[in-house]
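Q: Mind looking over this structure? Questions follow.
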Amino acid sequence: VKKMEEEFHLMSRFKGNSNIVSYEDHMIVPHEDGKGWDILIRMELLDPLTKYCNKTPLTAEEIVKLGIDICRALELCKKENIIHRDIKPQNIFVNKYGDYKLGDFGIAKTMDHATHATRTGTHTYMAPEVYHGEAYDSSVDIYSLGLVLYWLLNERRLPFLPQPPQVPTSDDMEEAKNKRL
């Protein structure tokens, strides 16, 4: 619950920004038996990027707009000394007007300087310095966004994977990850 409240506090710092999921408020209700809680959050209704792409394939122009919108969100994060640390398609959302928004600040970290941290995030989109436990700064989010854009522009394949129509094997995926990291 404390971790969720920290995420809500971070999200409230971004209220009113059009490229970050809009958080309104939340309520934590303890269960009557004392075991657990119901955590309710009120925020804008959006489609996850992955679901949206399944319904509507993105054009190159829309992918560029997505990149610009998420860069705007990352600029604001940098001003607030926040590193998101989990930029991936599942944490990007789109509203009915085609605006892209960054969400899920569950593992975001407030930074005053470069950090060493555990390998927090999704390895598929993780920057090498995070994966290796080296010092890093907000540039790791830009790296991850670059991988998301690459994935969108290359038939949902990450760098170093075989080109269609070849279906990547688990060995191909492991080798590609090792090359990226």
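The values are calculated or read from the model by the stated rules, or taken from the named source; none is laboratory data. Bear in mind the structure is a predicted one, so any value in this text is a computation, not a measurement. Backbone-built Cβ (ideal geometry, glycine too); neighbour counts: all protein chains shown. Each accessible area value is taken on the protein alone, full model and side chains, heavy atoms only, with ligands, DNA and RNA left out. Shrake-Rupley method; radii C 1.70, N 1.55, O 1.52, S 1.80 Å.
Q: If each DSSP helix of 4+ residues adds -39,500 (n - 2.57) and the sum is divided by the residues in the chain, what number results at 222 nm, nearest 500 deg cm²/dmol?
A: -11500 deg cm²/dmol
Q: Ok, one more. Please list, ordered by chain and number, the residues whose modelled amide H lies under 5 Å from the amide H of residue 43; skip anything fewer than 5 residues away on the same chain.
A: It is 24, by chain and number.
Q: Here's another thing I want to ask about it. Per residue, how much accessible area does the chain show when a 1.4 Å probe rolls over the protein heavy atoms, in square angstrom?
A: With all protein chains present, the chain gives 58 Å² per residue.
Q: On to the next question. So how exposed is residue 51, as accessible area in Å² (1.4 Å probe, rounded to 10)?
A: For residue 51, the solvent-accessible surface is approximately 110 Å².
Q: Please report the accessible area of residue 138 (heavy atoms, 1.4 Å probe, ligands and nucleic acids excluded) in Å², nearest 10.
A: 30
Q: For a paramagnetic label modelled at 7 Å from the Cα of residue 9 toward its Cβ, which residues of the range 82-96 fall within the zone defined by backbone nitrogen distances under 19 Å?
A: Correct set: 82-85.
Q: What area, in nm² and to one decimal, does the C-alpha convex hull of the range 15-77 cast on average over all directions?
A: Values: hull surface 25.1 nm².
Taking the Cα atoms of the range 15-77, their convex hull projects to 6.3 nm² on average.
Q: Give the residue from 45, 167, 122 lying farthest towards the positive end of the charge dipole for the chain; charges sit on Cβ (+1 for Lys and Arg, -1 for Asp and Glu) and the dipole is referred to the Cα centre.
A: Of the listed residues, the answer is 167.
Q: With the contact rule set at Cα under 8 Å and sequence spacing of 6 or more, what percent relative contact order holds for the chain?
A: Details: 261 pairs, mean separation 32.8, N = 181.
18 percent.
Q: Running Debye on the chain with equal point scatterers at the Cα sites and no solvent, what base-10 log of I(q)/I(0) appears at q = 0.20 Å⁻¹?
A: Reported log10 I(q)/I(0), two decimals: -1.39.
Q: Could I ask something else about it? Provide the gained length on full extension for the span residue 65 to residue 122, in nm with one decimal, where the gain is 0.36 nm per separating residue minus the Cα-Cα distance.
A: 18.2 nm
Q: Say the dipole of the chain comes from +1 at the beta carbon of Lys and Arg and -1 at that of Asp and Glu; which of 176, 10, 34 then lies farthest toward its positive end?
A: 176
Q: Here's another thing I want to ask about it. What do you reckon, how do 55, 88 stack up by accessible area (1.4 Å probe), largest on top?
A: Values: 55 125, 88 40 Å².
Heavy-atom accessible area, descending, gives 55, 88.
Q: Treating only the Cβ of Lys, Arg, Asp and Glu as charged (+1, +1, -1, -1), what charge dipole size does the range 1-147 show about its Cα centre? Round to the nearest 20 debye.
A: 200
Q: At a probe size of 1.4 Å, how large is the accessible area of residue 11, to the nearest 10 Å²?
A: Here the residue's solvent-accessible area equals roughly 10 Å².
Q: Quick one: 3J(HN,Hα) in Hz for the range 35-49, Karplus 6.51/-1.76/1.60 with θ = phi - 60°, rounded, Gly and Pro as x.
A: The phi angles translate into 10, x, 9, 9, 10, 10, 10, 10, 8, 5, 8, 9, 9, x, 3 Hz.
Q: I would also like to ask the following. Quick one, could you list the DSSP H helices from the chain stretching 27 Å or more along their long axis (Cα atoms) with average Kyte-Doolittle hydropathy of -0.5 or above?
A: Helices meeting the span and hydropathy rule in the chain are 60-79.
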